[in-house]
Every structure is written in structure tokens, then in C-alpha cells.
């Protein structure tokens, strides 16, 4: 392959990977003049037009660099940084798995310069990363349960609860949900005859059950609906709650995706939400005096009782 073809492919691949390109840098790298790189960029523009690719070659005057815009692109450094930030903030994986995934994400960047730049940005946060207490490897079981869900495989599991008690269960895993640091396997529990949430790190062992069980339509799980109704993966009864809120309205709307704003004034808002009662109570209590439950009366009474117990702890 000729040197000009190699240069052109390198230029195109760098742009396609989401990196920016300087004519001066590439001219120096291949020991050619700026006009040669300009012709290469023109050839790339012609190639995009001829093949009707969803790409546009853009020039940024302040930095004198070129970049691609469009949907047919690989991850850029901003994308990789965002994914690493989310990964580190989740604290979902142990240190070994987290470091491995950060390294693999950095490897997607096309140039050593970009890899080194992002390595410097995340160095302090990665070196101070604190995994969760269980420190278990989760990537392999996460993949295993994803395949079991796809195959509708009935499983026998050994599970330990928060008190350290172990018990056997026969389940049909239906969805994996990540919430507040933990992965949960949402499953139909054959013994309980209802949906149950099992924390992935607390499942000690699993194997395909000898008896395959099929679910009726009414027993099938819809994870999209669950995300709208549940807080902190805490089960309970589905109810409608009306409350007055003097905090940041955006925070309440984000917490309860299906909420309705009934009244909005300068200093407060009244919201109505359909949610699971136990998890909702946990969040409402966390907001302190910024929340006043208005209805239903039974839930309002439960809030009153819980606040009285909290107050008794300080007397």
C-alpha cells in the first residue's frame, strides 16, 4: 500500500473514532506539507458525499482542527469519559473489574494522546475508588443471568438475606435492574407465587432446575412499569399519594417519573404520584420538613407514626 493511501486511511480512521485532526500535526507526522493534508481532507469529503454517509467533516476555527459530526461514528473521548464517570459513581463492581473496564474503555480511543489525557483526568478518582462491602465479582453472573432471562430458564438458587440467613428458592428470572449501587434479579418466585427481588451479590449459587415452569401472562413482569413505581427496590403496595413539596421540584419529578403536578406556586407544589408505599415513604422521609403528605389518610398516618419513632430516638 502506498504511503499516501496509508496516510489517508489513518486520517479517516482517526476522524471516524471521534478524535479531532490538525493539519499541522498530520503534516509533521507524515513529513508532507499542509496542502497535501488539505487535499486528503477534500478526498474524505468527496468519499462521504459519494457514498451518502451520515457524516459531516467540520472545521473548528478557534483550534484549527477538523472533526466528524453524524451518527456513523465510534466513541469519542467525551463519550468514554462519561461512561467511566458513570461506572465509577455507580460503585457497582469491585476494584479489579472496575479497573479492567476503565482500561478497556480507554483502549477504544484512537490515539495515545487521547488515552493519556483521559487517564490523567480519571487518575485521582480511580485511585480513590471505594467498592461496595461485598467486593464480589459480578460481570460473569450478570452475563449468566442475562442469558437465563433470554432463555426463560427456571433456576434453583441458594440465597442469603441481609441477616445472613440462607435458603433455597426456585425462580424464573425475568429482568435485571440496577438501582442504588446494586444489581437486582427480578424473578417470579415459584413458592411465593409472586415477583420477588434478589440482589445479585447475595445469590450464592445457581443451577438450572430439573422442572421447567412457564408463566401465565398475568405473572409476566414489565420492568419499565416497575421503574416508574418503585423506589430503592423496596416492595410494597401500589397506591396514589398526594403531597406538598417545598424542595426542588425537579428532584421530586425525577424520583417519581409518573408524577402529576396538581398545583405549582412560587414556594411549593402539590404532586400526585402512583408508587409503591414503602419505598416512597423512605424518600419522603429523607426530604424532612420539605414534605407534607396530604392523602391518603392511611399513608399519612403511617408517616406520622414513623416520624414519632424517629423523634423518640432523640429524646
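The values are calculated or read from the model by the stated rules, or taken from the named source; none is laboratory data. Since the model is a prediction, treat every value here as computed from it, not as a measurement. Heads up, the Cβs are rebuilt from the backbone with ideal geometry, glycines too, and the neighbour counts pull from every protein chain shown.
Values for this structure:
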| read-out | value |
| --- | --- |
| Test for residue 309: is it assigned to a helix (DSSP H, G or I) and at negative phi | yes |
| Residue count, the range 162-201 (criterion: at pLDDT 90 or above, surrounded by fewer than 17 Cβ atoms within 10 Å (Cβ to Cβ) and more than 25 Å from the chain's Cα centre (by Cα)) | 6 |
| Residue 35 being over 24 Å from residue 179 (Cα atoms) and either in the same structural domain as residue 121 (by TED's automatic domain parsing) or modelled with pLDDT of 90 or more (or both) | yes |
| Number of the exception - residue 175 against (1) in contact with a helix residue (DSSP H, G or I) (Cβ under 7 Å, 6 or more places away or on another chain); (2) touching a residue at least 60 places away in the same chain (Cβ under 8 Å); (3) within 21 Å of residue 208 (Cβ to Cβ) | (2) |
| Residues within the range 263-284 that are surrounded by 13 or more Cβ atoms within 10 Å (Cβ to Cβ), assigned to a strand (DSSP E or B) and over 24 Å from the mean Cα position of the chain (by Cα), tallied | 4 |
| All positions within the range 85-134 that are part of a loop (DSSP other than H, G, I, E, B) and either under 16 Å from the mean Cα position of the chain (by Cα) or without any contact (Cβ under 8 Å) to a residue 24 or more places away in the chain (or both) | 91, 92, 93, 128, 133 |
| Some residue of the range 135-155 being assigned by TED's automatic domain parsing to the domain that holds residue 207, buried (at least 17 other Cβ atoms within 10 Å of the Cβ) and in a strand (DSSP E or B) | yes |
| Cβ-Cβ under 9 Å pairs, at least 6 apart or on other chains, the range 197-223 side assigned by TED's automatic domain parsing to the domain that holds residue 153, far side modelled with pLDDT under 60 | 215/221 |
| Residue that is under 30 Å from residue 181 (Cα atoms) and out of contact with any strand residue (DSSP E or B) (no Cβ under 9 Å at 6 or more places or on another chain), where the choices are 112, 40, 79 | 79 |
